[in-house]
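This report refers to the structure that appears directly beneath it.
The values are calculated or read from the model by the stated rules, or taken from the named source; none is laboratory data. The structure displayed is predicted, hence computed values, not measured ones. Methodologically, a virtual Cβ is constructed for each residue, glycine included, from the backbone with ideal geometry; neighbour enumeration extends over all protein chains shown.
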Amino acid sequence: MNKNKKKKTIALVAHDNRKADLVDWVDYNWKELIFHDLVCTGTTGAMVEKVLQENCMLANTVPPQVTRLKSGPLGGDQQLGALICEQKVDILIFLWDPMQPQPHDVDVKALLRICALYNIVTATNRSTADFVISSELFHQEYKPLVKDYSAYIKRVIS
């Protein structure tokens, strides 16, 4: 890895109807992704691991370790949200399906709320993911500014 590149933790999540799109994106960008720590929910993680292993085998390089959380509806969204709260995730690529109601919609909304709260880079479609991975900032140290919520935490409740 180039010494000037900053290793990031990238979370990859996709709803069922968007998993193929995410796998295609990973397949296209694998040469960038192998230098970073990857976190995925459930089945998405298995699919991402497979495409990375195939590409790395062909290129005779070591695939990155992919941390696999539970499936989103089984708590993976909450696990990922906790990692974001602990500032252990730098970027979320979440290809969600806007045409299909999800049984865990409230979890998805909570995850996106946490991303906004902690001001982490969040791509919810492939175009944005393409802009993120091709940005100069992708390769640099980047510390997002997080609003100071201390007044909220210290508020008096009567």
Just to be sure before I move on: is Thr122 crowded, with 18+ Cβ neighbours inside 10 Å and of a type in the set (Ser, Thr, Tyr) in the structure I sent?
yes
From Ala129, Ala151, grab the single residue that is crowded, with 18+ Cβ neighbours inside 10 Å and of a type in the set (Gly, Ala, Ser).
Ala129
Restricting to region 31-49, give me the number of residues that are surrounded by 15 or more Cβ atoms within 10 Å (Cβ to Cβ) and more than 22 Å from Tyr142 (Cβ to Cβ).
8
Of the conditions (1) among the acidic types (Asp, Glu); (2) part of a helix (DSSP H, G or I); (3) over 18 Å from Trp30 (Cβ atoms), Asp97 satisfies every one except a single condition; which number is it?
(2)
Number of the exception - Leu80 against (1) closer than 23 Å to Ala116 by Cβ; (2) surrounded by fewer than 19 Cβ atoms within 10 Å (Cβ to Cβ):
(2)
If I go through region 93-109 residue by residue, how many of them are modelled with pLDDT of 85 or more and over 21 Å from Leu38 (Cα atoms)?
1
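Answer yes if at least one residue in region 69-85 is β-branched (Val, Ile, Thr) and over 15 Å from the mean Cα position of the chain (by Cα), and no otherwise. Spell out the reasoning first.
Just the residues of region 69-85 that are β-branched (Val, Ile, Thr), to begin with: 84.
Next, only the ones that are over 15 Å from the mean Cα position of the chain (by Cα) stay: none.
Taking every residue of region 69-85 in turn, none turns out to be β-branched (Val, Ile, Thr) and over 15 Å from the mean Cα position of the chain (by Cα).
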Take Lys88 and tell me if it is among the charged types (D, E, K, R), closer than 21 Å to Val48 by Cα, surrounded by fewer than 16 Cβ atoms within 10 Å (Cβ to Cβ) and touching a residue at least 24 places away in the same chain (Cβ under 8 Å).
yes
Residue in region 100-116 that is exposed (fewer than 10 other Cβ atoms within 10 Å of the Cβ) and not in a helix (DSSP H, G or I) present:
yes
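Quick one: is Leu95 surrounded by 11 or more Cβ atoms within 10 Å (Cβ to Cβ), hydrophobic (A, V, I, L, M, F, W, C) and under 24 Å from Val48 (Cα atoms)?
Judged against the criteria, Leu95 is a match.
Out of Val66, Val89, which single residue is under 23 Å from Leu111 (Cβ atoms), of a type in the set (Val, Ile, Thr) and touching an Asp or Glu at 6+ places or on another chain (Cβ under 7 Å)? Break it down into steps so the answer makes sense when it comes.
Numbers: Val89 fails: touching an Asp or Glu at 6+ places or on another chain (Cβ under 7 Å).
Unique residue meeting the criteria: Val66.
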Do the conditions hold for Lys3, that is, is it at pLDDT below 95 and surrounded by fewer than 21 Cβ atoms within 10 Å (Cβ to Cβ)?
yes
